[in-house]
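J.: Can you keep this structure in mind? I'll have questions shortly.
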Amino acid sequence: MRVRRSRTVSVPIECPPRAVYEFVVKPENLPLWATAFCRSVRQSGDEWIVETPDGPMTIEFVRTNDLGVLDHYVSPAPGVQVFNPMRVVPNADGSEVIFTLFQPPEVSDERFAGDAALVERDLRTLKRVLEQR
């Protein structure tokens, strides 16, 4: 059995979990908070296309649910899917947003650390956006 190195990043948000979930699950909100990843987003048929620093990618969230599961798949190329586990869970009167990254074999430790830093930056932006609403 083989496992990949992982890193979990979380941020507390002073906002109810349902409100956080309903904001994050909408791909059209990505440019408001995932600024390191998303330059813009558009819908094309049933797909959402995200313009990223690495080029266009499709993004697909798992089915809407009442559990706070925001897992999503990003496809940087046809036939390639990257799984991104993400959750929003209650934290006292607010929320905790949790995002786990897995290091692909072809990604250096330095790049992986940089990717984790960008995810943390985006989650902090999400916190700021939601707490200012």
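J.: In whole Hz, with x marking every Gly and Pro, tabulate ³J(HN,Hα) for the stretch 117-127 from phi via Karplus 6.51 cos²θ - 1.76 cosθ + 1.60, θ = phi - 60°.
T.: Coupling constants for the stretch 117-127: 5, 5, 4, 4, 4, 5, 5, 5, 5, 4, 4 Hz.
J.: Mind running the shape call on the stretch 7-113? Use the C-alpha gyration tensor, a ≥ b ≥ c as the square roots of the eigenvalues: rounded below 1.5 for a/c, prolate if a/b tops b/c, oblate otherwise. Working shown, then result.
T.: Working: a/c = 1.87, a/b = 1.30, b/c = 1.44.
Cα axes put the stretch 7-113 in the oblate bin.
J.: Under unit Cβ charges (Lys, Arg +1; Asp, Glu -1), what dipole magnitude, rounded to 20 debye, does the stretch 6-131 have relative to its Cα centre?
T.: 160 debye
J.: Okay, helix-only estimate at 222 nm for the chain: each DSSP H run of n ≥ 4 adds -39500 (n - 2.57), divide by all residues, round to 500 deg cm²/dmol; what do you get?
T.: It comes out at -8000 deg cm²/dmol, rounded to the nearest 500.
J.: Further question: Along the charge dipole of the chain, pointing to its positive end and built from +1/-1 on Cβ of Lys, Arg, Asp and Glu, which listed residue (Val20, Ser75, Val9) has its Cα farthest out?
T.: Val9
J.: Just add up the charged neighbours of Pro90: K/R +1, D/E -1, any other residue whose Cβ is under 13 Å from the Cβ of Pro90.
T.: -2
Readers should treat all values here as calculations from the given coordinates under stated rules, not as data from a laboratory. Given the structure is predicted, the values throughout are model-derived calculations rather than measurements. Here the Cβ is made from the backbone with ideal geometry for all residues, glycine too, and neighbour counts use every protein chain on show.
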